[in-house]
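Below is one structure, written out as structure tokens; the observations come after it.
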Amino acid sequence: MHRGLAAALAAALVAFAPLAGAKTFRFANDGDVNSMDPYARNETFLLTFVGNIYEPLVGRDKQLKAAPMLATSWSQTSPEVWRFKLRQGVKFHDGTPFTDDDVLFSFDRVRMDGSNLKAVVATVKRVSKIDDYTVDMTTDGPDPILPEELTNWYIMSKSWTEKNNAVKPADLTKNEDFYASRHANGTGPFMLKDREPEVKTTLVNNPNWWGKPEHNLTEVVFTHIGNDATRVAALLSGEIDMMYTVPPQDIERIRHTPHLKIYEGPELRTIFLGMDQARDELIDSNVKGKNPFKDVRVRKAFYLAIDEKAIKDKVMRGSATITALMVAPGVNGFDKSLNQRYPYDPAAAKKLLVEAGYPNGFEVGMDCPTDRYINDEAICQAVVAMLSKIGVKVNLLAQTRSKYFAKILGPGYNTSFYLLGWTPTTYDAHNALFNLIASRSASAGTGLFNVGGYSNKRVDELTRLIQIETDPEKRQAEISEAMKIHKEEFGHIPLHQQTVVWAARDNIELVQLADNFFPLRYVRVK
Amino acid sequence: MIAFIIRRLCQSVAVMLSVAFIAFALFTYVGDPINNIVGQDTGLREREQLRHQLGLDDPFILQFARFVGHAAEGDFGLSYQYARPVSELIAERLPATLELSLVAAVLALAIGLPVGIYTGLHRYSWLSQLMLTASLVGISLPTFLTCILLILVFAVILGWLPSFGRGSTVALGWWTTGFLTIDGLKALILPAITLGLFQMTLIIRLVRAEMLEVLRTDYIKFARARGLPNRLIHFGHALKNTLVPVITITGLQLGSIIAFAVVTETVFQWPGMGLLIIQAISFADIPVMSAYLVLVAFFFVVINLIVDLLYYAVDPRLRIDRAAASGHGI
Amino acid sequence: MASERSPLLQVENLRIAFATRRGEVTAVDGVSFAMAPGEVLGVVGESGAGKSLTGAAIIGLLEPPGHIAGGRIVLGGRRIDNLPAPEMRRLRGKEIGAIFQDPLTSLNPLYTVGRQLVETIQVHLGLGAAAARQRALDLLKEVGIPAADRRIDHYPHQFSGGMRQRVVIALALCANPRLIIADEPTTALDVSIQAQIIALLKRLCRDHGMAVMLVTHDMGVIAETADRVAVMYAGRLVEIGPVRDIVRQPRHPYTAGLMGSIPTIGGRRDRLQQIDGAMPRPGAVPPGCAFHPRCRERFARCLDERPNLLPAGGGAAACWLHAPAEAAAVPHG
Ligand SMILES: Nc1ncnc2c1ncn2[C@@H]1O[C@H](COP(=O)(O)OP(=O)(O)O)[C@@H](O)[C@H]1O
Ligand SMILES: [Mg+2]
């Protein structure tokens, strides 16, 4: 017992003793990294965290433009073939060299059952070896933006996964521990030193990284602190250096605290409202025998009745970027000239309702998540109040996201009016058109998140064209045309882009990206 | 005695089965885990396929039967959220919650009992009034608020104690303990106080009320009439009789300490089962939720068993069936 | 028996009051009596008359807010009503024993009877463990517990009501006190057992030379056991005297009513009048004689002048009927 105690104390002391010149960076988020397996979940925080350990072929620079990572260059050798030149002399953390075998293996692995990043390589039919450091990717039809789509696909080591029985991604139907969910072996600037799920995850500098480090960190300690107040307290008390998700109510307080700094920037996620235009009769409305949302005047009336400026100022406390489009600036294809909202005009809205045959308004249900987007429920409440001014009585059903998504998503799409947010994972407008705006079609795979069932033949055609158009200018024209049609038909009601808000101590230098990615390789501790 | 324990443990299986059954009946309402598991770009067909693989499209009776079948083999499945075996997750979290609950319970008892006795014996003293008023504050302050206040004072303003986490721990086999390191002990203080505060207040009030009750009884009056000294009356006769109900309530409270730990653990980011279940609920992580509920049911059964055994030790009237053999009165 | 002998207990002008929100309420008022060594004094009266309070005052166990507001209590020549708490504590059990009404609740259910006896013996007599246990055994035998050497280790719930009251009596006897306050010791028991307990008390009293203040409702028990009787009404002592005198010829109209409402050992007498009305609550006692609103024989003086104990027959009664002047004017009998 005594010896155990002494050993424990010694261990504790060693853990405390700071190494000479060591720069430890401690940061926290409101959620944990659910897994170390880069294919476990298609969610921003997991991908940005694991992205410090693993690397994709094509990454992104500080402006979110595609940039070389494990591939040094790429080009289209034919409309359906992309050729990637791989970086030479790169080693995984376990010392084994990185080769095209690893790329081929990672391609297989990311498409296996249990992987949640299948969609990232959805257009790729085949990956083939040209030589040790060259691979060709053959796509299913032309894919002009393939390199952009691959930025979240991290390369894993073939030999390491084979050695550790981690060839397959976690299979939720089996009761097994998955090595790759707690261990990691990438090529990135940081190596996983220790992972205690929910407690802390420790990374250390990779001295053998192929790049020239911009950071000066020797160690990174990440902690999950779910409670907002506690997370803020930890920052105030100096227990952490940086907070990845700042509670909106604490932004001002932190801004005015000495030695703390707020980082704010528009995010790529667009928050919008959708209306059921598919059913002949709404599932929860007092209008029977017809669907008011099929009438563009009603959709426009809703749009005009919503005072997005007030939502931005009052609900979001200024931390939002008003938008007229379904994609954010920074997303490829965003057209600034279209990003003018129709002005707030409740009188015109009221008139439109009268014209459409609803002089006394009507009643409709609305679905809203309570824990998915920043202030989601409060936004919905504001919308309810605004619509009541034009005589529309909205019955709000706000629920936790697990229930909310189960209700509104396909195949049921059981909603008449809802709030949703979307970040194009490819940073390209096509992704939003394909998932949110194109007609729902199981065979084409389009419109899976087109919950309201908006449908326009020309938009569908444009979406197909955009997917394969290799001429950037023509492609932009097509995107703009589709966006314009959708905007004028009020297919959805875009509200705003959320703001990415981070907070850090003032001795920390970091780079904030609009995709809410937080690469540790840009962090410096002064 | 042994037979009694075995009988009770058998009953516990029935209790856990019912809890699991009710849990599964309710899971239909917590939402759909599929959207949480897959990425937003995952197609409808794949979503349905995963739903089918996980058996989420089966009627709940079938899901329940499958759960029981696997659980009987010690297999609680894989967490949807962490893709790790639930049994492993729980084994990892259990020490944190049990250590915290234990310290909180000991704290609650160590302060609650003496204060309860004191205020019971000295009803009219100003110190009693002060302690009772303070305990009223303790009982009416929401746990969440207590947590935040303590963090603000001791972590942010004074900087003495950590605001979150468990500090460093030492592994003793699969058990991780925070008792053996200084920062582990420091990290325990605030969560244990918040968690124990409510129970402490409850124990104070319970012991006081019980003490007052017992002091009014005839046998205490008679003990006084026999000329026994106060010490003997208060700490022998009265206290022992006070303990009988206090044991029950405290036992049940220990169970609810584990349940209350959810709030404390969430606020202090204490890596225990409370934190696990909160996340599991928001993720609709059915395997974790079901295992947690069954485990908590098991705790309650075990605590009840211990309470009954303590009863048995304290109150001779319950030993009647054994004693009956040796004669019963005139 | 002779109360003229040097008394064991003297209660003089005892007043017991409760501090309430509405000021002090007097519950026992001006009670005086004396007890000789070895004497059995029966105390009777309706529920709420102040019998238990008087007993509790003597043994020093009045519960706050009740307190002695006046008068004196003298035990064996020593004033005890104003003793400091520790000294009074030492006196209890050693000089004055007590037996309460309900044997079922008088014993601590969590301790064996042996343990309760031994602790009492050790507190008062300072005996070693073995000697104390031996004395406990002897006491249990003396109060008639069969198989005492086995029963000594039993818990109270393992005894029947009668046996428990025997244990309670043994506990009161631990230190051989000179006085025992027995507050309705048989009320809670089966009728068949009551007689046994009373007989036991009587025997012990004789054997140990103890005086007993026996509070009871049962005039039959009084008649059989007591040497003298004290009758209380509304916190006052209304009559006291040798038991035979009072049973045969009560001097106070209230006593007469009391006698009338119970069958007596000496056969049935002329049925006396039932007493109408109820005893006043403390604080609502009328001026003059407390009994006058219910008294058939009241006259002007009873309404505004309070009678003190006046010699009547072999004892004394607090009734103007026995004032020398009135006695001549209003004969009775
Ligand atoms: N704590 C108290 N406060 C006020 N009055 C009391 C209290 N305890 C007893 N009394 C009153 O004192 C009176 C005498 O009570 P007691 O001596 O118990 O009567 P009894 O003759 O039946 O034994 C009763 O009328 C009772 O109401
Ligand atoms: Mg009484």
- Query: Going 7 Å from the Cα of C:R78 in the Cα-to-Cβ direction, what parts of the stretch C:172-188 have a backbone nitrogen less than 16 Å from that spot?
  - Reply: C:175-180
- Item | Residue among B:A209, B:A72, B:A187 with the largest mean-square fluctuation in a Gaussian network model of chain B, springs linking Cα atoms under 10 Å | B:A72
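What FRET efficiency comes out for A:T24 versus B:V15 if R0 is 51 angstrom and r is the Cβ-Cβ distance? Round to the nearest 0.05.
In this case the efficiency is close to 0.60.
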- Task: Using only Cα atoms, locate the centre of the stretch C:165-230 and the centre of the stretch A:32-89, then give the distance between them in Å, rounded to an integer.
- Result: 99
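For peptide B:20-32, how many partner chain Cβ atoms fall within 10 Å of a residue's Cβ, on average?
Working: counts 0, 0, 0, 0, 0, 0, 0, 0, 1, 2, 4, 9, 8.
Whole-number average of other-chain Cβ neighbours for B:20-32 is 2.
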- Message: In the protein assembly as shown, if the dipole is taken from +1 on Lys/Arg beta carbons and -1 on Asp/Glu beta carbons about the Cα centre, which of B:G69, B:L206, B:H122 is farthest to the positive end?
- Response: B:H122
- Query: the stretch A:98-161 to the stretch B:183-241: how many Å between their Cα centroids?
  - Reply: 69
- Hey, if you put +1 on the Cβ of every Lys and Arg and -1 on every Asp and Glu Cβ in the protein assembly as shown, which of C:L173, C:L75, A:M366 ends up farthest toward the positive end of that dipole? C:L75
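Can you give the helix-only mean residue ellipticity at 222 nm for chain A, where every DSSP H stretch with n ≥ 4 adds -39500 (n - 2.57) and the sum goes over all residues, rounded to the nearest 500 deg cm²/dmol?
Details: 15 runs with 135 residues, N = 526.
Theoretical 222 nm ellipticity from helices: -7000 deg cm²/dmol.
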- Task: Summarise the accessible area of chain A (1.4 Å probe, protein heavy atoms) by the percent that is carbon and sulfur.
- Result: 51
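Assuming R0 = 45 Å, can you tell me the calculated FRET efficiency for the pair C:N176 and B:L127, based on Cβ-Cβ distance, to the nearest 0.05? Could the numbers behind the result be given before it?
Details: r = 41 Å, r/R0 = 0.90.
Once the sixth-power term is evaluated, E becomes 0.65.
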- Task: Round to the nearest 10 and give me the degree value, 0 to 90, for the angle of helix A:457-468's Cα axis relative to the longest principal axis of chain A.
- Result: 20
- Message: Taking beta carbons within 10 Å but only from partner chains, what does the mean come to for residues A:220-227?
- Response: 5
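What does the average come to when, for each residue of peptide A:405-415, you count the partner chain Cβ atoms lying within 10 Å of its Cβ?
Working: counts 7, 10, 2, 1, 6, 4, 3, 0, 0, 0, 0.
Going residue by residue through A:405-415 and averaging, the value is 3.
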- Note on the structure: Longest principal axis of chain C (C-alpha) makes with the long axis of helix C:191-208 (C-alpha) an angle, in degrees to the nearest 10, of 80
- Query: In nm, to one decimal, how far is the C:R296 label point from the C:L125 one, both placed 7 Å along Cα→Cβ?
  - Reply: 5.4
- Accessible surface of C:K202 in the full protein assembly, 1.4 angstrom probe, to the nearest 10 Å²? 80
- Express in Å², to the nearest 10, the accessible area of B:Y29 obtained by rolling a 1.4 Å probe over the protein heavy atoms while all chains stay in place. 150
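Can you give the Kirkwood hydrodynamic radius for chain A, in Å, rounded to one decimal and based on Cα pairs? Please list the in-between numbers first.
Numbers: mean 1/r = 0.0402 Å⁻¹.
That comes to 24.9 Å for chain A.
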- Query: Could you give the angle, 0 to 90 degrees to the nearest 10, between helix A:2-16's Cα long axis and the longest principal axis of the Cα atoms of chain A?
  - Reply: 70
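Loop only by DSSP, 12 or fewer other Cβ within 10 Å of the Cβ. Give me the GluC sites (Glu not before Pro) in the stretch B:54-103 that pass, ordered by residue number. Numbers along the way, then the final one.
Values: sites: B:E73, B:E88, B:E92, B:E99; in loops: B:E73.
Sites meeting the loop and neighbour criteria: B:E73.
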- Pop a pseudo-label 7 angstrom from the Cα along the beta-carbon direction at both B:A209 and A:E488 and give the gap in nm to one decimal. 7.4
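Total accessible area buried between chains C and B, 1.4 Å probe, in Å² to the nearest 100?
Details: alone 15390 and 17660 Å², together 30360 Å².
The contact between B and C buries close to 2700 Å².
So if I place +1 on the C-beta of Lys and Arg and -1 on the C-beta of Asp and Glu, and nothing else carries charge, what would the dipole magnitude of the stretch A:30-69 be about its Cα centre? I want it in debye, nearest 20. Working shown, then result.
Working: 4 positive and 6 negative charges, 53 e Å.
I would put it at about 260 debye.
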- Item | Interatomic Cα distance distribution for chain C, bins of 10 angstrom, percent | 6, 25, 32, 23, 10, 3, 0
- How large is the dipole of the stretch B:87-285 about the Cα centre if only Lys and Arg carry +1 and Asp and Glu carry -1, each at its Cβ, rounded to the nearest 20 debye? 1060
- Query: For chain C, what is the mean residue ellipticity at 222 nm derived from helices alone (per DSSP H run of n ≥ 4: -39500 (n - 2.57); sum divided by total residues; nearest 500 deg cm²/dmol)?
  - Reply: -9500 deg cm²/dmol
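On the accessible surface of chain C, probed at 1.4 Å, how many percent belong to carbon and sulfur atoms?
The value for chain C is 52 percent carbon and sulfur by accessible area.
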- Query: Hey, got the dipole for the protein assembly as shown? About the Cα centre, +1 on K and R Cβ, -1 on D and E Cβ, debye to the nearest 20?
  - Reply: 3960
- Along each of the three principal axes of the Cα atoms of the stretch C:96-176, give the extent in whole Å, ordering the values from largest to smallest. 30, 28, 23
- Query: So how much accessible area does B:T250 have, in Å² to the nearest 10, using a 1.4 Å probe?
  - Reply: 30
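With every protein chain present, what is the per residue accessible area of the protein assembly as shown (1.4 Å probe, Å²)?
Values: 48400 Å² over 1189 residues.
Spelled out: the 1.4 Å probe surface of the protein assembly as shown, per residue, equals 41 Å².
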- Expressed as a fraction of 2.2 N^0.38 Å, the rule-of-thumb size for a compact globular protein of N residues, what is the C-alpha radius of gyration of the stretch A:269-498? 0.96
- Message: Suppose each label sits 7 Å from its Cα in the direction of the beta carbon; what would the B:I5-A:K288 distance come out to in nanometres?
- Response: 6.8
- Message: If you average the alpha carbon positions of the stretch C:48-80 and of the stretch A:414-451, how far apart do those two centres end up, in angstrom?
- Response: 91
- Task: Taking just the C-alpha trace of the stretch A:389-428, give me its Rg and Dmax in Å.
- Result: 13.4, 40
- Query: Once the Cβ-Cβ distance between A:A477 and B:W174 is put in as r, and R0 is 56 Å, what FRET efficiency do you end up with, to the nearest 0.05?
  - Reply: 0.35
- Mind checking the log10 I(q)/I(0) for the stretch A:113-257 at q = 0.11, 0.16 Å⁻¹? Debye, one equal scatterer per Cα, no solvent, two decimals. -0.68, -1.16
- Straight distance only, please: which aspartates and glutamates reach the Cα of B:K186 with their own Cα at less than 17 Å, same-chain residues fewer than 8 apart left out? A:E239, B:E99, B:E265
- Task: Determine how many Å³ per residue the convex hull of the Cα atoms of the protein assembly as shown encloses.
- Result: 246
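Taking the square root of 5 times each eigenvalue of the Cα gyration tensor, what semi-axes in Å does the equivalent ellipsoid of the stretch B:87-285 have, largest first? Intermediate values should be presented prior to the final figure.
Details: eigenvalues 271, 67, 45 Å².
With the √(5λ) rule applied to the stretch B:87-285, the semi-axes are 37, 18, 15 Å.
The values are calculated or read from the model by the stated rules, or taken from the named source; none is laboratory data. In this text, all values refer to a predicted model and were calculated from it rather than measured experimentally. Please note: Cβ atoms are built from the backbone with ideal geometry, for glycine as well, and neighbour counts cover all protein chains shown. Quick note on the areas: whole protein, heavy atoms, side chains included, nothing else; ligands and nucleic acids left out. Shrake-Rupley method; radii C 1.70, N 1.55, O 1.52, S 1.80 Å.
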